[in-house]
Amino acid sequence: MVEDNAQAPFALENNKFTGTVGHIGVFSLNVHKHIQCGEGGVVVTDDHQYSLAIMGAVYHGELAGLRAGLNLRMTEPTAAIAVAQLAKGPRNVASRIELGEELTDMVRDIPWIIPPRADAGCKHVYYMWAARVINGKRNLFVGLLNLAGIPMEMGYSKPLNLIFDQTQHCGVAETVDHVEMMTFWVCGYDPPKRQRNKMREIIKRAADEAS
Ligand SMILES: Cc1ncc(COP(=O)(O)O)c(C=O)c1O
């Protein structure tokens, strides 16, 4: 299993770091992630054979004793930034967890919003905060938030089945995306306390209107 852990360094799944649950884990270090060095990423595995195949793609085969491969290596200056960022990772992630949990608290009393939750032994690191609006008025609610300046979004990216084969439908994923889900890009915004308090008021007002 290859885990796409692009968005979730330091997250936990059943007390294991995500990215280490499967055979291979990938982490993105592009410019809008928790830990970033502009561009690039990290691949981890504890399997020797897989590590050879991966190294074959990093340094035109040489690291893996191959005669051919790809050249996807990161430049040294970029890697130096990544190392410094890694040290800041837990702090960056902690501040995003705080914002994610605060957003959940802001909608706690709205019965038709289902906020994210982390099960026991799991830790959500909130690249995005995503909630379900189940009263059928997501577009109205998010529209009201946007009008008041909160960059809440409707849905996330298009469900993959609609990109690759528009004849196959995945009812649950499509309903969540088209009708229910709203997302806040926690990694993209870090509102100070004063703005968070304002957001709380706006959410409450918009919820009264969309109830
Ligand atoms: C879930 C997920 N997978 C993969 C990627 C791709 O990462 P990169 O841009 O480093 O190739 C992203 C980046 O946005 C992502 O969010």
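The values are calculated or read from the model by the stated rules, or taken from the named source; none is laboratory data. Remember, predicted model here, so these are calculated numbers, not experimental data. Accessible surface is based on the protein model in full, side chains and every heavy atom, while ligands, DNA and RNA are left aside. Shrake-Rupley method; radii C 1.70, N 1.55, O 1.52, S 1.80 Å.
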In the chain the accessible area split gives carbon plus sulfur, as whole percent at 1.4 Å, a share of 57 percent
How far is helix 76-106 tilted, in degrees, relative to the longest principal axis of the Cα atoms in the chain, given as a value from 0 to 90 rounded to the nearest 10? 20 degrees
Over the chain, with neighbouring protein chains present, the accessible area per residue in Å² at probe 1.4 Å is 60 Å²
What angle do you read, to the nearest 10 degrees and between 0 and 90, between the alpha-carbon axis of helix 138-147 and the longest principal axis of the chain? 90 degrees
Check: C-alpha center segment 1-75 vs C-alpha center segment 191-211, spacing in Å is 39 Å
When DSSP beta bridges are limited to those with both residues in segment 1-103, what percentage is antiparallel, rounded to the nearest 5? 70 percent
To the nearest 10 degrees, how steeply does helix 193-210 sit against the main Cα axis of the chain, on a 0 to 90 scale? 60 degrees
What lysines does residue 193 reach when the alpha-carbon gap must be under 19 Å and sequence neighbours fewer than 8 apart in one chain are set aside? 204
